[in-house]
Amino acid sequence: MRQPGAHARRVHAARWLLMAGGLAGLLAGCGSAAPLITLSVQAGMSVCTPAPNPAAGISRWNSPWGASVGMYYNQSSVPVTVQTVSLVGAHNMVLHGAIVYEMVRYRNPLPISFAWGYGTDGLRVDAKLVQQVPGAVIAAGTGPVTNFPKQQPNVYEVAVDVTARQPGAAWAAGVNVGYTANGQAHVIRLLIGIAIGAQSHPDGTNGDDPLCDTAMKAIQSAFAGSLRGSS
């Protein structure tokens, strides 16, 4: 059984970078006229899981895997409806579905990585807080927020259900979240790396996963290219 190793530690550090930078990212976006903003830092986080990874409940190279792909807040006075979630720059990765999870009063975030399967062997959360995409409604917020931990508004996380298309390194460099508000269509893009090191061997790997290394390097390269293009 593979125990969490270097990539697990990398995940923890990345999660810290996401939360520490979230307020700065929000302050930068407060002037936006778009209803939905992200608290997550652009190109600020990447996560990779080996597959199989029995310690994480991932028994096969193509087992369904869940990844949290950012926190979002509706700064408008009307609800928005999430209609689509798509992968950015996907390589050997298949998106099977997505959910929106309500973080009531800015508490109890989703794990960054989990075996997909709500209420069974995977993530266990209150079913009333989970909505499927398309059709997930994000309630109107309380206007711009300057201190999320102090003001504690309801925020929402998007999570995706993905697998590798075939054994090998699989990755995506972000997500596009498409939504409607007052009859108008919007898209918000978040650069956030998700990756799978899909091993054809049934026992996976017992050390650092070279497929995860390959995927993480590709994600960092995609981040750099996207940020150069937007500057």
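Pick from segment 23-43 the residues that are among the small types (Gly, Ala, Ser) and modelled with pLDDT of 95 or more: which of them is farthest from Asn74 (Cα to Cα)?
Result: Ala43.
Between Val80, Val47, which is touching a Leu at 6+ places or on another chain (Cβ under 9 Å) and not hydroxyl-bearing (Ser, Thr, Tyr)?
Just one listed residue meets the conditions, Val80.
Tyr101 passes all but one of (1) at pLDDT 95 or above; (2) under 23 Å from Gln152 (Cβ atoms); (3) in a loop (DSSP other than H, G, I, E, B); which number fails?
Evaluating Tyr101 over (1) at pLDDT 95 or above; (2) under 23 Å from Gln152 (Cβ atoms); (3) in a loop (DSSP other than H, G, I, E, B) leaves (3) as the failure.
Which condition number in (1) closer than 30 Å to Trp61 by Cβ; (2) in a loop (DSSP other than H, G, I, E, B); (3) of a type outside the set (Asp, Glu) is the one that Thr163 fails?
Every listed condition holds for Thr163 apart from (2).
Within the set of pairs 6 or more residues apart or between chains, which connect a residue that is surrounded by 11 or more Cβ atoms within 10 Å (Cβ to Cβ) inside segment 124-142 to a residue that is among the charged types (D, E, K, R) with Cβ atoms less than 6 Å apart?
Leu129/Glu102
The values are calculated or read from the model by the stated rules, or taken from the named source; none is laboratory data. Quick caveat: nothing in here was measured; it's all calculated off a predicted structure. Cβ atoms come from the backbone with ideal geometry, glycine included; neighbour counts cover every protein chain shown.
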